[in-house]
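One structure below.
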Amino acid sequence: MPKSMKDNRAVKMLRAAEEGGYGVVGVVSYNLETITAVVRAAEKKRSPAQILLFPWALHYSPLLIHLAVAACKTVTVPIVLHMDHAQSEEEIIAASDYDFDSIMVDMSHYEKEENLEKTERITKFLHEKGIATEAEPGRINGGEDGVKDTGDLEGLLTTAEEAMLFVDTGIDFLAPAFGNIHGNYWGIENIKLEYDRLEKIRAATKGRAQLVLHGTNTFPDATMQNCIKGGMTRCNVNDLVLHTYSKYVAENTGKVPLTELMGKGTDLIQELIEYQMDVMGSTGKGDVLY
Ligand SMILES: [Zn+2]
């Protein structure tokens, strides 16, 4: 049976987060270890969660997508599957054949008019398939492993007016640029977020779209919590939950059996995801069925 937007689980999850004043962790996942860690952390903390895949997964192997779908279907708390930063129509169409709950229509490498036009058209297409959409008004600076580099395009901060124009396209979630960047901040003193800008964006979009946070590498707990107070519902995490794993793998590959490398590696990711669930306040919020 085709899915319908009124049953969309990602929308339900982020609306509940907005109403409850907590954040849902969105874990950028590249492998089995990460997906397993999301499931284990969510069940242990009785927390909702999201598995995020980049379009890279489509090119690497659809098996990774099937694995993530199976994780969402077999877990005992709500976990949904999101494709982040889908930057071409071809990839979005390909992704829409899988069981994604939401797809980010990232046309931020186009100029605003073209971005808006493409976002609106693709959102209609995805909504007909029951898949929620997310867009990035403005342009969040920097790059991330698995996201095509948008070259030397300059980052552009989101204005409230722009946020409204994007919500008018019909999108469900909005990723504003308010000083957040993808990748490395090179020191927490360089994390400079404009909370007043975020507040205006929130006021302009409230009740029509949920805000989602990109660019959280090395975020202190208080910064994460301030963003959630400012209206962020899903908070994407990458290095924030993968850094101890990456270090362990770098130091131990070839030195310990592969089973140990995977097992211990999974534990390290799980530990940091659980920590973030406490920071974001989603612990105990997963005992709802939708
Ligand atoms: Zn992002």
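All of the numbers you see were taken from the coordinates with simple rules; none came from a lab. As the structure is a prediction and not an experimental result, all values here were calculated from the model. Note: ideal-geometry Cβ built from the backbone for every residue, glycine included; neighbour counts use all protein chains shown.
Worth a mention:
- At least 2 residues being within 25 Å of Leu261 (Cβ to Cβ) is the threshold, and among the helices (runs of 4 or more DSSP H) wholly inside segment 1-90 those reaching it are 32-45, 56-60, 62-74.
- Failed condition for Asn115, given (1) within 16 Å of the ligand (Cβ to nearest atom); (2) touching a strand residue (DSSP E or B) at 6+ places or on another chain (Cβ under 6 Å): (2)
- Look at (1) buried (at least 18 other Cβ atoms within 10 Å of the Cβ); (2) assigned to a loop (DSSP other than H, G, I, E, B); (3) within 16 Å of the ligand (Cβ to nearest atom) and you find that His109 fails only one, number (1).
- Output for segment 270-290, where each listed residue is in a loop (DSSP other than H, G, I, E, B) and of a type outside the set (Asp, Glu): Gly281, Ser282, Thr283, Gly284, Lys285, Gly286, Val288, Leu289, Tyr290
- Each residue in segment 172-192 was checked for being touching a helix residue (DSSP H, G or I) at 6+ places or on another chain (Cβ under 7 Å), in a loop (DSSP other than H, G, I, E, B) and within 15 Å of the ligand (Cβ to nearest atom), and 2 of them qualify.
- For segment 248-266, a residue qualifies if it is surrounded by fewer than 17 Cβ atoms within 10 Å (Cβ to Cβ) and within 22 Å of Val39 (Cα to Cα), and the qualifying residues are Val249, Leu258, Thr259, Glu260, Met262, Gly263, Lys264.
- Within segment 73-87, considering residues that are within 16 Å of the ligand (Cβ to nearest atom) and out of contact with any Leu (no Cβ under 8 Å at 6 or more places or on another chain), the one farthest from Ile51 (Cα to Cα): Gln87
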